[in-house]
Amino acid sequence: DLAGNQGIMRQITLDELAKHNKETDCWLAIQNKVYNVTPYMKFHPGGIDELMKGAGLNATQIFNDVHPWVN
């Protein structure tokens, strides 16, 4: 239950997404889906700094630029 909401899907506003912009609380949106990447930070191959570029943002373009083979 990474989101802390017992697995219930819900709408996330851009204002709410923007609040989760810290290394200890990091959400990002990719293709209209919001991901809590906080637990993944230390495992990301590109490092924490790469994930922080999209923290609290719609990171779709950032993701697509770095991962062009993913569709």
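I want to confirm something. Restricting to the range 22-41 and keeping residues that are at pLDDT below 95 and assigned to a loop (DSSP other than H, G, I, E, B), which single residue is nearest to the chain's Cα centre (by Cα)?
For the range 22-41, the residue satisfying everything is Val37.
Only one of Val34, Val70 is of a type outside the set (Asp, Glu) and in contact with a strand residue (DSSP E or B) (Cβ under 8 Å, 6 or more places away or on another chain); which?
Val34
Does the range 22-34 hold any residues that are of a type outside the set (Val, Ile, Thr) and surrounded by 17 or more Cβ atoms within 10 Å (Cβ to Cβ), and which are they?
Those that are of a type outside the set (Val, Ile, Thr) and surrounded by 17 or more Cβ atoms within 10 Å (Cβ to Cβ): Cys26, Trp27, Leu28, Ala29.
Being surrounded by 13 or more Cβ atoms within 10 Å (Cβ to Cβ) and of a type in the set (S, T, N, Q) is the filter; apply it to the range 43-71 and report the residue that is nearest to Gln31 (Cα to Cα).
Looking at the filtered set, the residue picked out is Thr60.
Within the range 9-21, take every residue that is free of Cβ contacts under 8 Å to residues at least 12 places away in the same chain and in a loop (DSSP other than H, G, I, E, B) and give me the one that is surrounded by the fewest Cβ atoms within 10 Å (Cβ to Cβ). Before you say what the answer is, go through the steps one by one.
From the range 9-21, those free of Cβ contacts under 8 Å to residues at least 12 places away in the same chain are 9-11, 13, 15-16; that's our starting set.
After this cut, where a residue has to be in a loop (DSSP other than H, G, I, E, B) as well, the list is 9-11, 13.
Working: Met9: 9, Arg10: 8, Gln11: 6, Thr13: 9.
Filtering first and then ranking leaves Gln11.
Of (1) touching a Phe, Trp or Tyr at 6+ places or on another chain (Cβ under 8 Å); (2) part of a strand (DSSP E or B), Gly56 satisfies all except one. Which?
Gly56 satisfies every listed condition except (2).
The values are calculated or read from the model by the stated rules, or taken from the named source; none is laboratory data. This structure is a prediction, so every number in the text was calculated from the model and none was measured. Glycine gets a Cβ as well: all are built from the backbone with ideal geometry, and neighbour counts include every protein chain shown.
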